[in-house]
1. Given the peptides 84-96, 53-65, arrange them by the average over their residues of other C-beta atoms within 10 Å, most packed first.
2. Which of rounded, prolate, oblate describes segment 73-136, given a ≥ b ≥ c as roots of the alpha-carbon gyration tensor eigenvalues and a/c under 1.5 marking rounded, otherwise prolate only if a/b is larger than b/c?
3. Quote to one decimal, in nm, the extra length available between residue 99 and residue 85 on full extension: 0.36 nm per residue of separation minus the C-alpha distance between them.
4. Once you order the gyration tensor axes a ≥ b ≥ c over the Cα atoms, which shape class does segment 31-141 get: rounded for a/c under 1.5, otherwise prolate or oblate by comparing a/b with b/c?
5. Kirkwood hydrodynamic radius of segment 9-80 from all distinct Cα pairs, in Å?
Ligand SMILES: [Zn+2]
């Protein structure tokens, strides 16, 4: 028996491994469905469909705000924690460096964080589809 190319092709692949694969594809700006096509036409401008498999990306854009919000809050918290730990030689220079660093980190990571959100949304939809199609054998009716 050979290993399947993608965990997504395994009908009963472990949930965590599939989720990590989908998140990784998002970090690399790849389609969550095929892992090959690019999801952005330009920096942070989402394509309507995957260039390789035609997967509908535009339909997922509206479901990404919560992950974007939470990851931005997490990054901001990490930057504030760093600000409390590191004492700069020159306060004004330290504030300037921190402000530039915060903007660069938050903006530069936006496409990858949105890609992760799209992968996470795809994971949730995929699992809800699987659980709906599985017959409930424990029903007592
Ligand atoms: Zn694709």
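1. Working: 84-96: 9.7, 53-65: 14.5.
Top of the packing list down: 53-65, 84-96.
2. Details: a/c = 8.78, a/b = 3.43, b/c = 2.56.
Prolate, because a/c is 1.5 or more and a/b exceeds b/c.
3. Numbers: separation 14, 0.36 × 14 = 5.04 nm, distance 1.57 nm.
Difference between extended and current length: 3.5 nm.
4. Working: a/c = 4.53, a/b = 1.90, b/c = 2.39.
In terms of gyration-tensor shape, oblate.
5. On the way: mean 1/r = 0.0736 Å⁻¹.
Evaluated over segment 9-80, this radius sits at 13.6 Å.
Every number in this text was worked out from the coordinates using simple rules, so none of it is lab data. Predicted, not measured: the structure shown is a model, and the values here were computed from it. All Cβ positions, even for glycine, are placed from backbone atoms using ideal geometry, and neighbour counts span all protein chains on display.
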